[in-house]
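The values are calculated or read from the model by the stated rules, or taken from the named source; none is laboratory data. What you are looking at is a predicted structure, and each value in this text was computed from that prediction instead of being measured. Backbone-built Cβ (ideal geometry, glycine too); neighbour counts: all protein chains shown. Just the protein is used for accessible areas: all its heavy atoms, side chains included, with ligands, DNA and RNA removed. Shrake-Rupley method; radii C 1.70, N 1.55, O 1.52, S 1.80 Å.
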Amino acid sequence: MIALKQRAYLLKGLLFSLGGFSPKFAVQFGLLFSFFLSTFSMGQSKEPKLEALGLDDFAEIYVDRYFEPTDDLKLTDDSRHKAEALAHYSIGRMLEKNGDQGAAIKSYEKVLELQPNEIMLARKTANLLARTGRTDTSLELLERALKLNPNKARAYIVLSEFLYTYFSDNEDDRERSLKLANEAVEKFPDEPEVYENLVRRHLIEGQPTEARKVMDRATARENSDPRFWLRLGELAKRTWPTRSSGTKVPVLVNDIYEKALKRAGKDVRVAEAVGDYYRKSNQQKRAQEIFEDIIEKNPDRLDVRRKLVAVFVAQGNEEKAIDALKGIVEIDPQDADTNRELGRIYFARMSKTAQAAGLREPDPEDSDLLESAQYFRRALLAGKGTAGEYIQTGKLYAWAEKIDQAIDVLEEGAYLFPESPQFPLEIAETYMDAERWKDAVAPMNRTIKLATQSQPELLSEIFYYRFGVVYERVGDIEKCAVQFRKAIELIGKRDPNDPPSDGFVALVYNYLGYTWVENDMNIDEGGELIKTALELDPTSGAITDSLGWYYFKKEKFEEARKTLLKAQEMMELEREQVIAEGGQVSDPDGVIFDHIAQAHWMAGYKKEAVEFMEKAVVLEKDRKEEFVKRLKEYQEGEPPVERPAEEKPAKKAVDPPTKPDSENPDSGKKADKAA
C-alpha cells in the first residue's frame, strides 16, 4: 500500500506534468482524489486510521505554489497530448450526450488539434458540424485530416463519403468523391475497406456490374493476410447471393473464404469464421468439415462443438446432433444449457412417439422418456432451474415409473420454492398415480395450507374430489366424505355462466354415494346421491351399476339383478362406441361381474350366478382370492331362494375382450380416473 504522503506526491506529479490544469483545479482535484484513496485504503487494509497518523504522514498542498515533479514522473509530450486529448474527448462525449452539440464539437476539435491522426473522430466531428448546417467547416476539417494523413486509406474514404453524402447535388463534388474512392484503391490495394467503399458506391447508384469489377480486382490480389480475405468475403456477400439452394452455390464468395482458410495457418478464429460463413449460407457439409477439423485440433473448444450441433440440426441429422451434445457434457458435465438441450431433444422424440401411438401419456418403457428426465435432472443439478423445470422433470420420472426419483426432484423443488403450493400438489399426485395413497395425504394437506395463502384457485372442486378419493383408498371413509362434501359445496358456488360439466358433477355424486353404499354407511343418502348422478349422466354404465348395487344393499335383489344387467349392456355399448371411434379399451371391471353374480345368487339364479362369477375371477386382480372363494361357494351351494319359475334364462355373461393392456376411463366400479 502507498502511504498518504507518497500518494499525494505522485498525484501532484501527475497533475502538473499533464499540463493545462490551473493550480486551483489541481489542488481541488488532489484533495478529492487523496480523500478517495485514503477512504478506500482504510477500507481495504489494516493500516492505522487517520487519528493514529502524525503531521508527517500528510501531503503539503499550497494553492499559490507550484512544485515541479521529478523527471521520472514527467510525461513525454506525446503522452501528455494523448492524456489531454482523452480528457477533451470524454468531455465531448458527455456534452454530446446532454444535447450540447456546439460545445461537444469544440471539445472534439481540441482533440484533433492534439491528435490529428484520429480520422474517425474527424469524421464524427464533421458529421456533427454538418447537422448544424456548417458543411463548409466540416469539409475543411476533413480536407485538413487528409492533408495530415496522406498515407492512411481511411482519410480518403472519409472525405469521399462526406462529399457523396452532403455535396451530391454538385457534379464536381460527385466526381471528386469517386476520384478519391478510386485513388484509395490505387494507393492501398491491400486495405479491404477501400474496396468496400467503392463497391457500396456502385451498388447505391445501381451499378452492380461496376461493383463486380471492383470485387474482381480485389480477389486478384495475392494478399497473405487471412483477415483481408475475411473482410473481402463479408463485402462479397453483399455483392453476390450467398444462400445455397439445391445445386446452386455461391462459388465466387466461396473462393474468397477458401483463400482466407488457406492462409489461416494456426489461427483458429479465421477457420471458425469461415465455418460460420458456410453454416449461415446453408452449405452445411463444408461447415461440418471445417468445424470437425477445428475440434480435432482443439477438443476443448466447446463453442465450436455447439456450432457443429447447429450444423447437424440444419442437416436433420438428430443422432449426430445428440452425439455432439453428449461430447460437450462429457467435457463439461456442469453445462446446464447443453444438458437441458439434450433433455428437450429426447422429450420431443418421446412426445412424437406417444402422439403417433395415440397415447395421452408416454409409454413408461420408452427409453427417450427416461433419457429426457435424466438430462433435465443433470441441468438442475448444474444450476438452479425454475419451478416449472423441477415440476416437469418430476413428471417425466413419474411417467417413467421412477417414483422415488420423481419425489426426490419435487422435494428439492419444494425446498427451493417453499411458498409454492404446486410442489406438494405435484408430490401428492405422483403418489396417487403410483397408488401410494397413504403417502399422498400429507402433501395434500400441505397444499391446502400453502394454496389458501397464495393460490386459492388450486383448491377447486376437482382438488377436493381427488382428496376424497385418497381418503377412500386409505380406508378413512369419514374424512373421505368431508372432502366430497367440500367438492359438492364448491360445485354449488360455481358461476352459472361457467359451471362444471354434468359428467364431473355426476362422478362426484356417484363416487361418494357408492362409497357409502359399499361400506354400509348412510345407504339411503348414498342411494339419493347415485340417483342424482344418474339424472345428470343417464347413459353411464358405471353409475347404473352403482344404482344396482344400492338396490342390492337394500335387499331388492330382483331390481338389483335387472339394473346390473342393464349396466353391463350399457358398458358394452360404450366399449363398442370407443372401438368404432378408433379408441382403445381395457377389460371390463371384474367387480361389475361380481355384483351381477351376487344379485343373481340372492335372487335364486344359481347357473347365471356361477357364470358371472367365473368371469369375475378371470378379470379381477386385486380381489382374486375373495372371488375364487365366492365362486366355490356358488358352485357347491344353493341360493337362499328358489329361482322364479316364470323367468327365462338370463343373458350369458359377455366374454372379456383380448386387449388387457389398454385403458377405458369409464370402466370400474367408480370410474374415479375420469376426473
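For A181, the conditions (1) out of contact with any Lys or Arg (no Cβ under 7 Å at 6 or more places or on another chain); (2) touching a residue at least 12 places away in the same chain (Cβ under 8 Å); (3) aliphatic (A, V, I, L, M) all hold with the exception of (1).
Close Cβ contacts (under 7 Å, 6 or more residues apart or on different chains) running from residues in the range 368-379 that are under 10 Å from L342 (Cα atoms) to residues that are open to solvent by 20 Å² or more (accessible area, probe 1.4 Å) and of a type in the set (D, E, K, R) comprise F376/R340; F376/E389; A379/R340. Using beta carbons and a limit of 9 Å, which pairs, at least six apart or on different chains, have the first residue in the range 147-164 and without any contact (Cβ under 8 Å) to a residue 12 or more places away in the chain and under 13 Å from E183 (Cα atoms) and the second one among the aromatic types (F, W, Y) and crowded, with 22+ Cβ neighbours inside 10 Å? Close Cβ pairs (under 9 Å, with a partner that is among the aromatic types (F, W, Y) and crowded, with 22+ Cβ neighbours inside 10 Å) amount to P150/Y156.
Selection of the range 562-590 for residues being buried (at least 21 other Cβ atoms within 10 Å of the Cβ) and within 20 Å of G513 (Cβ to Cβ) yields T563, L564, A567, Q568, M571, D589.
Checking V270, V304, V309, V313 one by one, the residue that is open to solvent by 80 Å² or more (accessible area, probe 1.4 Å) and in contact with a helix residue (DSSP H, G or I) (Cβ under 6 Å, 6 or more places away or on another chain) is V313 and no other. Candidates R231, R227, R238, R200: the one that is open to solvent by 80 Å² or more (accessible area, probe 1.4 Å) and touching a helix residue (DSSP H, G or I) at 6+ places or on another chain (Cβ under 6 Å) is R231.
Looking for something more than 30 Å from E638 (Cβ to Cβ) and of a type in the set (A, V, I, L, M) - is there at least one such residue anywhere in the range 551-564? Checked against the condition, which is being more than 30 Å from E638 (Cβ to Cβ) and of a type in the set (A, V, I, L, M), the range 551-564 yields no hits at all. Scanning the range 329-368 for residues that are among the small types (G, A, S) and open to solvent by 50 Å² or more (accessible area, probe 1.4 Å) yields A348, A356, A357, G358, S367. Of everything listed in (1) farther than 21 Å from K395 by Cα; (2) aliphatic (A, V, I, L, M); (3) in contact (Cβ under 8 Å) with a residue 60 or more places away in the chain, the single unmet condition for V508 is (3).
Can you tell me which of A373, A428, A414, A451 is within 27 Å of the chain's Cα centre (by Cα), among the small types (G, A, S) and over 30 Å from A481 (Cα atoms)? After applying the criteria, what remains is A373. Tell me, yes or no, whether the range 273-282 has at least one residue that is part of a loop (DSSP other than H, G, I, E, B) and touching a helix residue (DSSP H, G or I) at 6+ places or on another chain (Cβ under 8 Å). Yes, some residue in the range 273-282 is part of a loop (DSSP other than H, G, I, E, B) and touching a helix residue (DSSP H, G or I) at 6+ places or on another chain (Cβ under 8 Å).
If you go through the range 406-418 one residue at a time, do you hit one that is outside any helix (DSSP H, G or I), within 17 Å of G385 (Cβ to Cβ) and open to solvent by 40 Å² or more (accessible area, probe 1.4 Å)? The answer is yes; a qualifying residue exists. E222 passes every criterion in (1) open to solvent by 70 Å² or more (accessible area, probe 1.4 Å); (2) part of a helix (DSSP H, G or I) apart from (2). Take G604 and decide whether it is touching a residue at least 12 places away in the same chain (Cβ under 8 Å), more than 23 Å from E518 (Cβ to Cβ), open to solvent by less than 60 Å² (accessible area, probe 1.4 Å) and not acidic (D, E). Here the answer is yes, as G604 does meet what is asked. Only residues that are among the polar types (S, T, N, Q) and assigned to a helix (DSSP H, G or I) were counted across the range 287-301, and they come to 1. Note on the range 542-551: among residues that are more than 10 Å from I596 (Cα to Cα) and of a type outside the set (A, V, I, L, M), the one that is surrounded by the fewest Cβ atoms within 10 Å (Cβ to Cβ) is Y551.
Here's the yes/no breakdown for (1) among the hydrophobic types (A, V, I, L, M, F, W, C); (2) part of a loop (DSSP other than H, G, I, E, B); (3) within 26 Å of K531 (Cβ to Cβ); (4) modelled with pLDDT of 95 or more:
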| site | (1), (2), (3), (4) |
| --- | --- |
| T563 | no, no, yes, yes |
| M570 | yes, no, yes, no |
| L573 | yes, no, yes, no |
| Q577 | no, no, yes, no |
| G583 | no, yes, no, no |
| D587 | no, yes, no, no |
| V617 | yes, no, no, no |
| F627 | yes, no, no, no |
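Please indicate, with yes or no, whether at least one residue in the range 207-215 is more than 30 Å from L128 (Cα to Cα), out of contact with any Ser or Thr (no Cβ under 6 Å at 6 or more places or on another chain), part of a helix (DSSP H, G or I) and open to solvent by less than 60 Å² (accessible area, probe 1.4 Å). Yes, the range 207-215 has at least one match. Residue check: G385 meets all listed conditions (1) out of contact with any Leu (no Cβ under 8 Å at 6 or more places or on another chain); (2) over 25 Å from Q584 (Cβ atoms); (3) in a helix (DSSP H, G or I) but one, namely (3).
To keep it simple, each residue is scored yes or no on (1) open to solvent by less than 40 Å² (accessible area, probe 1.4 Å); (2) within 17 Å of A155 (Cα to Cα); (3) modelled with pLDDT of 90 or more.
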| position | (1), (2), (3) |
| --- | --- |
| E109 | no, yes, no |
| L121 | yes, yes, no |
| A126 | yes, yes, no |
| R131 | no, no, no |
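Looking across the range 88-107 at every residue that is assigned to a loop (DSSP other than H, G, I, E, B) and not acidic (D, E), the one that is nearest to L139 (Cα to Cα) is identified as G99.
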